[in-house]
Structures are given as structure tokens and as C-alpha cells.
Amino acid sequence: MPAYKFPTIPSSEITPKALFLKRRQFMTGSLAAGLIGATSLPALAALNATQSRYIVNDKITPKEDATTYNNYYEFGTSKSDPAAYSGDFKPTPWTIKIDGMVAKPMEFDVTELIAKMPLEERIYRFRCVEAWSMVVPWTGFMLSELLKQAEPLASAKYVAFQTALRPEEMPGVGGFAPVLDWPYKEGLRLDEAMHPLTLMAVGIYGDILPNQNGAPIRLVAPWKYGFKSIKSIERITLVDKQPSTAWNVAAPGEYGFYSNVNPERDHPRWSQASERVLGAGGGFFGGGTKRDTEKFNGYGDEVAGLYAGMDLQVDY
Amino acid sequence: MEIAANPAANVRKTDYPRQINKTLARISPWWIYGLGLIPAAWYFYLGAVNDLGANPIQSFEHLLGEWALRFMIATLLVTPIRDLTRVNFYRFRRALGLLTFYYVLFHFLTYFTLDRGMNLPVIFVDIVKRPYIIVGMVAFVCLIALAATSSNRAIRALGRGWALLHKLVYVVATLGVIHFFMAVKSWPPRPSVYATIIGVLLAYRLFVWVRDQRRAA
């Protein structure tokens, strides 16, 4: 059974360019009028989003769990570190830059971006490469919407992402033996990046992203292992060659460039055939469940075509 | 080999190591068992009432593994502390060693029951296929042998063989940190800290052994 219903978006539902440009104009106007801006940040805490039809029918992981059990090694390697040690991180003001092989290199202020992009809430499965999973309501917009504005050149084949690197605000990046080669980098093939499932998330559970979840803006590619969904993005670069990615550089035999969720391709050190679904509550005896992992995390109907003809045991 | 205490050193006015040893002699090793089992009981309680975070089973498993390494370190500290300070925790060493075994046993049982749900085919595949599980299992089997021969009777029965057999503890400690590294991504600080401490404690043995070889020669 597919994990979700894939909505075929009628063209009538896609916001016409003229309209969203007008909306943008209005926003710029409001900015000038001081209606929106840094001072109105608290108002952004609750995001205005339309409910997407991209939803799974699984039980949503409690917010408490999704915001206290994180892998964000810039703040420490324990699951509780990001929530505990990301307090000094400043997600505003924040500029995200799009450059490389684009006709129009751009820079966006994320607060403005949040205000002008059509936000929707999507409930996605999230499968960590460590064989646990959550079900998270993300608020965001399609990456394709952002990339289209920069007008990728025909020569662009991949999209490279980079996380901010701020040693003063990130206690996990220092030391003489860095856990990863900072800054954190990720990448997608351009067609993966343009896929409607690929989300730029600015919120979870209806609120803006907490620091530990990748504030102020992050990627969510739900058919890939969680580490592909890079957090706190400050730069997006269109390139023609497969970009280097943090975990692939750290251990190429363990973490491939694609890193699609694949129960048939085990991690060299552990099985990927099943996953522990977190957030059941009740502690040891609360019936916390294991379930079989689905290929492409259940999004196969939608994304399998991207990999037609590829051997996913080789291109893992 | 042991370093004989220099009798001349005992002439000092206040012999702190001796005083500490006198105090230690009055403490029953049973306290070590009682205190040592508190973390396991506490974390089990937290896990049972859902106060161990989003992934309580794995957290419990990992905490037990880390405590096993801590007791392993405590066990390995007894000899260097005696050599270097003459403070002697020897009476407690068996308790510390057995606590190491109990925590590895709990760690294994948590894996076997809560984590893998006693799913024998899955566990079998783990054991034959997953290097970090294999390493952990080998260490566990060695520890069983050590725990089984920890009684006074076994010590007497094995004679000189006992000391030789119990050199296995160095193998277990090494496998323990390897197991930790293999179970995590990248090279994070926590296993590195345990590896460093255990590395220093094992290097100390090597140093003493080499020195004694030279003296004997």
C-alpha cells in the first residue's frame, strides 16, 4: 500500500506567476510600511500554511520527541545535544544565496522569503539512516519554486547545499578532531531537487523551525535518509558535476550520494530492513513498534522513476 | 609484576595511603554491588515511565553499554592506583569486574528482548553478519568466562592459570571500545574518550611488563 496519496496538481491550482509576483509586490510594500519585518518576528511563530494533500496516514510523532531527539552534529553528537546546545544559534537575520549555474543569482532574506512563498503543511515520513523513523508535519514550499526564480542554466545538473558554519554559535564544530568536514554539505541531482516532494521547510508542527531542527530553513527529501535533508542552509549552488556531500566524504562506503531509503541495501554495519518508529510513548512497554522499511520510504510510486535503469545497489 | 612498597617511605609522619587503606578495609565490597547497580535500576525506572527520551530502548541500551565501560575502567584503575599511590582498592576489584559483566549482561539482554524482541532469526543474522555485534558478542563471551571463574573456589582451582585467563580482561576492554566505535557514525568524542582512557590503562600494563622483562634480563 502506498504510504501517501500523490496529488496530481491541476494546473488551475498552481499559482499563476502574475499573481505571485503581485503578492510579492504587496509584501515589499508592506515591508516598506513597516508592517512586516524583524519586529514582527513573533507573529511568524505561527505559520500560515495551507494543508497540503501530501500527507501520510501514520500517527504523527509527538512534537516533544521530534524536537529533542535530533542529529545535528554542529551542536554535538548526542541526540539531546542539539536541543540543549543550540541556544546561542541565531537564525535571524538570515540570508540564503542561490548561485552557480543560474541565469539570475539571488539572495533572499529568509524572513521575507517565508512571507512571500506559498507555504503548505505536509506530513512526511522521516527515516534516519540509523534505522529509526518519525512522522513530521513540515511547513514549507517546494524547492522547485525557489530554484525556478533563479532560472537554472541548461548546463546545471546538480544542486549543492551548504549549512552555515558558526563556531561561536555551534559548540560541536570545534576541537582538534572534527566529526565531519565542516561546513556540512549536501547535494541532489537537479531532477531530484525539482521534484514536487522536495521541500524547503521553514517550520514544523505549525511553528517556525526550532534551532535544533535546522532553523531557519532546511531541506526535506522524504524518500532519502534523513542526513540528506540538510539543515540551516545558507547557500544553494547549481553545478554540473556531482557535488561532494558531508557523509559521503566521511565514509563513502557507508553513505552514498543518493542515499535513497532502501531496505534491500544494508548499511555495511547495520540492517536497513526495518526501523523503529519513535514517539509511541509509554516507555519500554508502551508498544513502541518496529516496522519494515519501505523502498524510497514509501514514496516509490512518486520517485522510483527518477532512478529508472540505475542499479541502486551500486548507486546507493 | 608488583612493585614492593619501599619500607623507608613508611617512616613519614602521616602515612595517608596507609590510613586510606585502613578505612577501605572496613568497607564491605557489597556496597560496591549495591551502589553500582543503582544506575541500571534508575535508568530502567526512567525507561519504564517513558522518561528516557524519544528512543527509550536504544537510550537504555547505550547507557548500559557506557556504564559497562565505566566499570571496566574502574576495574583497570585498581592496579595503577596501587602502584602509584599505594592506595589499595584490591578488595573491590572483583565487585567492579563483576559489575562490568552485569552491565554487559543487561546490555545484551536489552538488545535481545526490548530491542530485537527475542526475534531469533534477526538476532542470528545480526550475530553472523554485523561486525560490531560480533565484536560485542566475543567480548561478552570472554566476560562470561571471567565472571564464571571469579569465585574464590575457581581462583584456587585454576591456580596459576587463573591470572593468565584473566588477562582476557585486556581483550574485553579493547573489544568494548571497538564495539562502541563500530556502532556509531563518524568518530564522535564519547567513544574517543573511553578509548583514550582504556588505551592509557592498557599502555600502563605494557610499560610495566616491558620494564619487568628488562629487569629480569
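Restricting B:VAL172, B:VAL141 to those that are outside any loop (DSSP other than H, G, I, E, B) and either touching a Leu at 6+ places or on another chain (Cβ under 6 Å) or within 14 Å of chain A (Cβ to nearest Cβ) (or both) reduces the list to B:VAL172.
Screening the stretch A:46-76 for residues that are part of a loop (DSSP other than H, G, I, E, B), farther than 15 Å from A:TYR205 by Cβ and under 17 Å from the mean Cα position of the chain (by Cα) and picking the one that is farthest from the other protein chains (Cβ to nearest Cβ) gives A:TYR72. Assess whether A:LEU188 counts as being in contact (Cβ under 8 Å) with a residue 12 or more places away in the chain, hydrophobic (A, V, I, L, M, F, W, C) and part of a helix (DSSP H, G or I). No: the conditions fail for A:LEU188. For the stretch B:13-65, residues that are in contact with a Lys or Arg (Cβ under 6 Å, 6 or more places away or on another chain) and among the acidic types (Asp, Glu) total 0.
Annotation note: Cβ proximity below 6 Å between a residue of the stretch A:129-150 that is over 14 Å from A:ILE55 (Cα atoms) and a residue that is among the hydroxyl-bearing types (Ser, Thr, Tyr) and at pLDDT 95 or above (sequence gap 6+ or interchain) occurs for A:VAL129/A:TYR225; A:LEU143/A:THR198.
Here's the yes/no breakdown for (1) more than 18 Å from B:VAL171 (Cβ to Cβ); (2) within 11 Å of another protein chain (Cβ to nearest Cβ); (3) without any contact (Cβ under 8 Å) to a residue 24 or more places away in the chain:
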residue	(1), (2), (3)
B:ASN88	yes, no, no
B:ARG93	no, no, yes
B:THR100	no, no, no
B:GLY117	yes, yes, yes
B:LEU120	yes, no, yes
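Checked against the criterion of being aliphatic (A, V, I, L, M), over 14 Å from the mean Cα position of the chain (by Cα) and within 14 Å of chain A (Cβ to nearest Cβ), the stretch B:204-214 contains not a single residue that satisfies it.
For residues that are within 14 Å of another protein chain (Cβ to nearest Cβ) and in contact with a Gly (Cβ under 8 Å, 6 or more places away or on another chain), scanning just the stretch A:166-211, find the one that is surrounded by the most Cβ atoms within 10 Å (Cβ to Cβ). By that ranking, first place goes to A:GLY172. Restricting B:ALA68, B:ALA41 to those that are modelled with pLDDT of 95 or more, out of contact with any Asp or Glu (no Cβ under 6 Å at 6 or more places or on another chain) and either within 14 Å of another protein chain (Cβ to nearest Cβ) or on the phi > 0 side of the Ramachandran plot (or both) reduces the list to B:ALA41.
Restricted to the stretch B:102-115, and to residues there that are more than 18 Å from the chain's Cα centre (by Cα) and free of Cβ contacts under 8 Å to residues at least 12 places away in the same chain, the residue that is farthest from the other protein chains (Cβ to nearest Cβ) is B:PHE112.
Evaluate the stretch A:289-311: report whether one residue or more is within 21 Å of the chain's Cα centre (by Cα), on the phi < 0 side of the Ramachandran plot, within 13 Å of chain B (Cβ to nearest Cβ) and in a strand (DSSP E or B). No: the stretch A:289-311 contains no residue that is within 21 Å of the chain's Cα centre (by Cα), on the phi < 0 side of the Ramachandran plot, within 13 Å of chain B (Cβ to nearest Cβ) and in a strand (DSSP E or B). Scanning the stretch B:62-96 for residues that are touching a Pro at 6+ places or on another chain (Cβ under 8 Å) and assigned to a helix (DSSP H, G or I) returns B:LEU63, B:TRP67, B:THR85, B:ARG91, B:PHE92, B:ARG94, B:ALA95.
The values are calculated or read from the model by the stated rules, or taken from the named source; none is laboratory data. This structure is a prediction, so every number in the text was calculated from the model and none was measured. Reconstructed Cβ throughout: ideal geometry from the backbone, glycine too, with neighbour counts over all protein chains shown.
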